[in-house]
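Report on the structure given below.
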Amino acid sequence: MKKRGLMFLAGMFLLSLAVILTGCGGGGSSSTTYTVGGNVTGLASGESVVLRNNGGDDLTVAANGIFTFATAIADSAGYSVTVKTQPLQANCVVTNGSGTVSGGNVTNVVVTCTSVTISGTVVYSPDTGPDVPLAGIPIEARNPSDDSVINSTTTDTAGAYSVTVPPNQDFYLHATGTTIGSTTYVSENLQIENETADRPAINIYMIDDVMVGQVAGVIGGNATTDAIFAMDVEDGSSTGIAGVTVSASPPITNIWYNQDGTGSNFSITPPTTVNNGPSVVGYVSAPGSNGTYTFNMTGSTSGMTIDNPFRLRLIPGEISE
């Protein structure tokens with residue numbers, strides 16, 4: 001009986017040890033992991049978007065189609081996909097970007113990138129005769145805040161251009177000046193704001209250096225060293241609006257108003273009568289490294305709604321409008 005009791009106790013000890021070992025690691029928790037990914041659409045050729053999951057694990061996607069983050073995550077863990085860096089020419093939005101992994105790879109994250117197309121022609125409008133299309137003019141869509149280039153192209157033989165840019169973003173079109181034959185064309189900057197749809201007919205009318213010199217002479221500016229700006233104050237039918245005052249921030253004191261529509265009679269006082277398209281012109285002697293100015297128009301007498309404020313990037317030796 002004594003020997004049998006000892007054997008029983010020994011068996012119980014071994015059983016208890018087995019239970020302890022099992023509890024320490026014999027079974028353990030599941031180590032199964034799954035990947036997170038989805039699909040990207042709307043990227044232009046040569047563009048890329050940087051995606052991020054759970055605040056890290058950055059992934060650069062350089063083409064439309066399926067993407068998968070490199071780091072797999074555990075079953076029942078959460079995921080959150082965001083855009084870390086937008087492409088230059090589009091704006092990307094994530095849908096189905098967050099959730100919890102549930103027994104399989106996540107493949108339904110959707111990244112949709114959208115852009116708008118701005119197109120038109122670059123022409124020279126002489127005093128007499130039809131407009132002349134200008135071929136081979138470099139066109140850049142630039143950010144007015146830091147002058148960085150969003151997209152670029154060159155006009156074709158018919159003077160046509162086309163660029164894609166992100167929607168809901170301010171930018172300006174920069175047409176690089178050139179000399180063709182005996183005529184020198186001054187670089188032109190055309191401000192475009194907050195476009196949400198394609199704009200197929202934004203034309204750029206380049207001005208020759210003789211005309212710029214004449215305007216600068218009338219208002220007391222220097223066509224080479226000063227940044228000159230011009231804006232039309234007119235309604236949709238090109239009818240001038242009287243009594244409109246323009247102000248700028250930072251302040252600009254050299255703002256002149258075309259009094260009679262001829263381009264030769266300017267005054268610092270806004271016109272009091274409606275004519276065939278009064279223009280506002282002015283200049284800044286030293287706009288500085290960040291030459292973006294905010295303008296406001298007040299005093300419309302035609303009942304029109306003016307889109308205020310608007311911005312112009314002023315560059316010495318160039319025309320901004």
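The values are calculated or read from the model by the stated rules, or taken from the named source; none is laboratory data. None of the values given here were measured: they were computed from a predicted structure. All Cβ positions, glycine included, derive from the backbone under ideal geometry; neighbour counts span all protein chains shown. In case anyone asks, the SASA skips ligands and DNA or RNA and just uses the protein heavy atoms, side chains included. Shrake-Rupley method; radii C 1.70, N 1.55, O 1.52, S 1.80 Å.
Relative to its Kirkwood radius, the Cα radius of gyration of region 25-97 gives an Rg/Rh of 1.10.
Scaling the Cα radius of gyration of region 98-186 by the globular reference 2.2 N^0.38 Å produces a ratio of 1.70.
For Ser320, the residues whose modelled amide H falls within less than 5 Å of its own, excluding neighbours fewer than 5 places apart on the same chain, are Asn189, Ile228, Phe229, Ala230. Spin-label model, Ile268 to Asp232: label points 7 Å out along the Cα-to-beta-carbon direction sit 2.8 nm apart.
In sequence order, region 154-165 has phi-based couplings of 9, 5, 7, 5, 9, x, 7, 9, 7, 9, 9, 9 Hz under the Karplus curve 6.51 cos²θ - 1.76 cosθ + 1.60, θ = phi - 60°, and Gly or Pro positions carry x. Computed from backbone phi, the HN-Hα couplings of region 35-52 come to 8, 10, x, x, 9, 10, 10, x, 6, 7, 4, x, 9, 8, 10, 9, 9, 9 Hz, rounded to whole numbers (Karplus: 6.51 cos²θ - 1.76 cosθ + 1.60, θ = phi - 60°; Gly and Pro given as x). Multiplying the residue separation of Ala70 and Thr298 by 0.36 nm and removing their Cα-Cα distance gives an extension gain of 76.5 nm. The accessible surface of region 52-138, taken with every protein chain in place and a 1.4 Å probe, is 51 percent carbon and sulfur. Dipole orientation for region 61-164: of the candidates Val81, Asn105, Thr121, Asn105 has the Cα lying most toward the positive pole (charges on Cβ; Lys, Arg +1; Asp, Glu -1).
In sequence order, region 183-196 has phi-based couplings of 10, 9, 9, 7, 4, 10, 10, 10, 6, 10, 10, 6, 6, 10 Hz under the Karplus curve 6.51 cos²θ - 1.76 cosθ + 1.60, θ = phi - 60°, and Gly or Pro positions carry x. Inter-label distance, Ala44 to Thr253: 4.2 nm, where each label sits 7 Å from its Cα along the C-beta direction. Ligands, DNA and RNA are left out, and with a 1.4 angstrom probe the accessible area of region 110-153 is 42 Å² per residue.
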